Amino acid sequence: MKQESQKMNAGPSCRFCSTTLTTQMVNLGMSPLCESFLTAGQLNHMEPFYPLNVHICSNCFLAQLEEYVKPEEIFTEYAYFSSYSESWLQHSKDYTSSMVERFKLDARHQVIELASNDGYLLQYFVEKKIPVLGIEPAKNVAHVAIEKGIPTITEFFGEQLACELADQGRQADLLLGNNVLAQVPNINDFVKGMKIILKPKGVITMEFPHLMRLIEGNQFDTIYHEHFSYFSFLTVEKIFAEHEITLFDVEQLATHGGSLRVYGRHLEDTSKPMTERAVALKQQEIDAGYDQLATYSHFSEKVKETKQKLLRILIDVKRQGQRIAGYGAPGKGNTLLNYCGIGTDFLDYIVDRNPYKHGRFTPGTHIEIFPPDKIEQDRPDFVLVLPWNLKDEILRQLHFVRSWGGQFILPIPEPEIVA
Ligand SMILES: [Zn+2]
């Protein structure tokens, strides 16, 4: 009893190394879950808000949110369907070709994807006749995958499921997970499971937003409750090493504002030596101070400044009597809207390509979401681009906005107007 109360007084502890967390990286206040879009009938109901307070561990430098909400509450019915982004599909197709070529994958091999969503990626391996297995806890998206003919298990991944699969002789030659590592509250259990499910000469690839890019690029909107952890290469290497997985290679990608794709293998598998670019990136992070607390705690001021700049632009535009619509309702958009306090006083509506969101409202800010063609009918003066990481694709798709003199507002990295 006494021990328990002492533990509670000590405050939250690091989900990887258990060190007590005493340093704040950034506090974005209270926010609703960013994927809980509301129906019209829910607008008058009470809505849960949770803290978005990012801690940085002084021992391993894992940036993290406390587990305010259980993954079961977030990921069992999920609004995010990967197949609605063209550039993400292309990214996945390119990834597939590159893995098949580099690791000589064919019909004798097994690919397993953790958090396989609606099968958007595994479909490209299926096209190449390579056996696949998806693991996806969100039943509604997993169902879409299964209908497409992608074998999918609808469970959360960890040591227990890994043991069950390994007992059935189902292990991976290629084990991949894109944007899932950040979403795992019990990271040690998850990585331990990966060790179990990987064949002796198998390869792991994981993609996740790079913490260095998040901080340098001021991407505070990629912080939301679904993302429990934010990784540098230095920290992720420590986490895998703890579970006897060696990260032998890393690529820096442009996706999600700047991601890392790390390549892992068993510690015992010496057939894959550490690449020069992996060594170089570690050095680059050390040179930039990612092994020091001060680098992280400075971030907070920059975030406040961005909020002020964006609001100044929006207020100026509204004072001139002009109309603003939002483009895209990604999860990150909701962090931005809630933290900055942008509701229907600034945005008349938002459009999004995902039919799941049409007729629904953004959590917290209650802005209605329509199909994209509303922009063409309504001709707003400004379009605020919320998925700014896809701005090239979106500005191309929306080139017609310029025909009536419409302009774009980009919120991140620096709030700006693009004519
Ligand atoms: Zn730690």
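Laboratory data are not the source of any read-out in this text; all were calculated from the coordinates shown. Small disclaimer: the values here were computed from a predicted structure and weren't measured. Positions of Cβ are generated from backbone atoms using ideal geometry, with glycine treated the same way; all protein chains shown enter the neighbour counts.
Name the residue, out of ASP249, ASP352, ASP269, whose mean-square fluctuation peaks in a Gaussian network model built on the chain with Cα pairs under 10 Å.
Ranking ASP249, ASP352, ASP269 by mean-square fluctuation puts ASP269 first.
Cut-off under 16 Å on the C-alpha distance; same-chain residues fewer than 8 positions from LYS104 excluded. Which aspartates and glutamates are left, in chain and number order?
Those aspartates and glutamates meeting the cut-off are ASP94, GLU127, ASP173.
Could you pull out the GluC sites (Glu not before Pro) across region 253-291 that fall in loop regions by DSSP (anything but H, G, I, E, B) with no more than 16 other Cβ atoms inside 10 Å?
Sparse-neighbourhood loop GluC sites (Glu not before Pro): GLU268.
For GLU216 paired with THR270, estimate the spin-label separation in nm (one decimal), with each label point 7 Å from Cα along the Cα-to-Cβ line.
3.5
Across region 242-251, in residue order, what do the Karplus-derived ³J(HN,Hα) couplings come to in whole Hz, using 6.51 cos²θ - 1.76 cosθ + 1.60 with θ = phi - 60° and x for Gly and Pro?
Running phi through 6.51 cos²θ - 1.76 cosθ + 1.60 with θ = phi - 60° gives 4, 9, 6, 10, 9, 8, 9, 8, 8, 10 Hz.
Quickly work out the GLN42-to-SER300 label distance, labels modelled 7 Å from Cα along the C-beta direction, and quote it in nm with one decimal.
According to this spin-label approximation, the distance is 3.2 nm.
Compare PRO387, PRO48, PRO12 in a GNM of the chain, Cα atoms joined below 10 Å, and give the one with the largest fluctuation.
In the Gaussian network model the winner is PRO48.
Which net charge results for the neighbourhood of GLU155, defined as the other residues with beta-carbon distances under 14 angstrom from its beta-carbon, given Lys and Arg at +1 and Asp and Glu at -1?
-4
Tell me, in nm to one decimal, what length is gained between PHE49 and GLU416 on full extension, where the rule is 0.36 nm per residue of separation less the Cα-Cα distance?
Working it through step by step, the gained length comes to 129.2 nm.
Determine the relative contact order of region 101-233: mean sequence separation of Cα pairs under 8 Å and six or more apart, normalised by residue count, in whole percent.
Worked out over region 101-233, it gives 22 percent.
Straight-line reach from LYS318: which aspartates and glutamates have a Cα under 18 Å away, not including same-chain ones fewer than 8 places off?
ASP345, ASP348, ASP378, ASP381, GLU416
Taking amide H positions as placed in the peptide plane 1.01 Å from N, state which residues far from ALA172 in sequence (5 or more) or on other chains have amide H under 5 Å from it.
Distant-sequence amide H within range of ALA172: LEU198, LYS199.
Relative contact order, percent, of the chain when contacts are C-alpha pairs under 8 Å separated by at least 6 residues?
For the chain, the relative contact order is 15 percent.
Name the residue, out of GLY134, GLY264, GLY169, whose mean-square fluctuation peaks in a Gaussian network model built on the chain with Cα pairs under 10 Å.
Ranking GLY134, GLY264, GLY169 by mean-square fluctuation puts GLY169 first.
With Rg and the Kirkwood Rh both taken from Cα atoms, where does Rg over Rh land for the chain?
0.97
Which trypsin sites (Lys or Arg not before Pro) does region 295-344 hold that lie in a coil by DSSP with at most 12 other beta carbons within 10 Å?
none
Taking the Cα centre of the chain as origin, work out the dipole magnitude from +1 charges on Lys and Arg Cβ and -1 charges on Asp and Glu Cβ, in debye rounded to 20.
Roughly 340 debye for the chain.
Run the reach check for LYS357 against lysines, Cα to Cα strictly under 25 Å, same-chain hits fewer than 8 apart removed. What comes back?
Cα-Cα hits under 25 Å: LYS70, LYS139, LYS148, LYS332, LYS374, LYS391.
Placing +1 at every Lys and Arg Cβ and -1 at every Asp and Glu Cβ, with all other atoms neutral, what dipole size does region 364-419 have around its Cα centre, in debye to the nearest 20?
Dipole size: approximately 100 debye.
Please name whichever of ILE153, PHE103, GLY169 sits farthest to the positive end of the charge dipole of region 97-205, dipole taken about the Cα centre and charges placed at Cβ: Lys and Arg +1, Asp and Glu -1.
Checked the options; the winner is PHE103.
Which loop GluC sites (Glu not before Pro) in region 154-210, with loop taken from DSSP, have no more than 15 other Cβ atoms within 10 angstrom of their Cβ?
Passing both the DSSP loop test and the Cβ count: GLU155.
What three numbers, in Å, describe the spread of the alpha carbons of region 275-402 along their principal axes, ordered from the longest?
52, 33, 28
Against the longest principal axis of the chain, how steep is helix 276-287, in degrees 0 to 90 to the nearest 10, with axes from Cα atoms?
60
Express the relative contact order of region 179-310 as a whole percentage, based on alpha carbon pairs under 8 Å and six or more residues apart in sequence.
After rounding, I find 27 percent.
Between rounded, prolate and oblate, where does region 15-118 land on the alpha carbon gyration tensor, with a ≥ b ≥ c its root eigenvalues, rounded for a/c under 1.5, else prolate if a/b exceeds b/c?
oblate
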